[in-house]
Amino acid sequence: MDENITVLKGIGLTLYEAQAYVALTALIQSTAVEIAEKSNIPRSKIYDVLKKLNEKDFIEIEDGRPLTYIVKSPIEVLSREKEKIDSNLDDAITRLTNVYENGMNQVQAPIWRIYGVEKIISQEVEIIKRAKNTVNMRIGFLFEGEGKALVKAFKNKRSLKVNILASPTCYINNEEFKIIEFFKENNINVQKADIPFVKVMISDSKEMLHTYTKFSEDKRNVIPETAIGIWNKYEEIAKNYDDRFMNQLKKTKNKKST
């Protein structure tokens with residue numbers, strides 16, 4: 001099937017409507033008979049199809065004998081439809097996120113295991129998006145592409161207070177990655193600390209994500225397929241870890257100042 005027809009069906013046109021619109025974009029203006037021939041739509045169907053396209057504001061109809069059908073610019077039509085879709089999706093995201101978060105609060109045991117690097121990074125980004133005030137992280141290693149994803153998410157939430165305690169370096173694909181330097185270059189608040197090969201993200205003292213992975217025998221490289229995240233929404237536990245984080249951050253800053 002023509003890619004354009006697939007896209008037009010995806011935004012709500014029927015197969016015949018999509019075929020007629022695509023045909024008319026080449027003809028610019030034409031009669032129903034010519035459009036039927038160009039689009040391979042039965043003549044018995046073409047008038048109803050063109051009437052629907054006019055109602056959906058994809059074409060105009062000019063009086064005459066016979067009627068003339070004039071296509072509207074794809075830029076005008078598809079830009080308008082894109083705006084509608086974007087607006088509807090934004091509204092749906094807001095509504096469903098509220099439902100999702102209310103549902104999460106009702107879960108009996110709010111702890112989930114997340115497998116795979118991509119899913120773990122995606123969850124970190126989602127936690128940052130939900131955060132209202134603070135995100136605190138202990139970083140002993142980073143996955144490939146994770147640093148850039150975190151920085152992008154932090155920069156999209158500039159009102160957040162971000163604190164990071166991190167090891168100076170880690171290895172990604174056998175290459176040294178300078179964690180402290182990377183975050184400082186991106187104006188993210190980071191302090192050097194002795195962090196083991198684990199990663200913890202805590203948001204607003206309400207939810208947290210522990211990330212673990214196995215390493216190569218020389219303890220340099222992450223083995224991505226072993227990565228697992230433990231997402232925890234027990235507020236009492238998250239608050240406890242956040243308090244411990246802030247104590248460690250305070251001690252680190254005090255050592256630096258002496």
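Residue check: residue 13 meets all listed conditions (1) surrounded by 14 or more Cβ atoms within 10 Å (Cβ to Cβ); (2) outside any loop (DSSP other than H, G, I, E, B); (3) not basic (Lys, Arg) but one, namely (2). In segment 206-233, the residues that are touching a residue at least 40 places away in the same chain (Cβ under 8 Å) reach residues that are of a type in the set (Gly, Ala, Ser) with C-beta atoms within less than 7 angstrom, at least six apart or across chains, in these pairs: 207/238; 209/229; 211/227; 211/229; 213/227; 227/116; 232/238. Across segment 159-198, the qualifying residues are those that are free of Cβ contacts under 8 Å to residues at least 24 places away in the same chain and part of a helix (DSSP H, G or I), and the one among them that is nearest to residue 142 (Cα to Cα) is 180. The test for being more than 25 Å from residue 86 (Cα to Cα), in a helix (DSSP H, G or I) and touching a helix residue (DSSP H, G or I) at 6+ places or on another chain (Cβ under 9 Å) holds for residue 36. Checking 45, 56 one by one, the residue that is outside the structural domain of residue 127 (by TED's automatic domain parsing), touching a Gly at 6+ places or on another chain (Cβ under 9 Å) and more than 30 Å from residue 131 (Cα to Cα) is 56 and no other. Hey, which of the strands (runs of 3 or more DSSP E) in segment 63-158, taking only ones fully inside, have at least 3 residues that are surrounded by 12 or more Cβ atoms within 10 Å (Cβ to Cβ), of a type in the set (Val, Ile, Thr) and modelled with pLDDT of 90 or more? Those strands (runs of 3 or more DSSP E) span 68-71, 134-139.
The values are calculated or read from the model by the stated rules, or taken from the named source; none is laboratory data. Since the structure is predicted, the reported quantities are computational estimates derived from the model, not experimental observations. Every residue, glycine among them, receives a Cβ derived from its backbone with ideal geometry; neighbour counts consider all protein chains shown.
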